[in-house]
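Derivation of every value follows stated rules applied to the coordinates shown; laboratory data play no part. Keep in mind that this is a model prediction, so the values were computed, not measured. Methodologically, a virtual Cβ is constructed for each residue, glycine included, from the backbone with ideal geometry; neighbour enumeration extends over all protein chains shown.
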């Protein structure tokens, strides 16, 4: 419900365009998709598991985006965190 309240507070309406939901196959994400769809929003669901695509479409997602498209991988950098100087 917070997703809807935040959109309404910001003045975003269904006719303003697509809403992207990350973590779409989880509990919060799937609930957000269902709520937004019922209220007339076009929803793009971000998921890393192809096995969830049919489920997300059944909830109301009009488009599925692969999480890998957004994740840039790089090696961890060294850090001084936690060291005494």
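Each residue, residue 55 and residue 38, gets one label point 7 Å from its Cα in the Cβ direction; the gap between the two is 1.9 nm. Short to long, the 10 Å bins of the Cα pair-distance histogram for the range 13-72 hold 27, 56, 16, 0 percent of all pairs.
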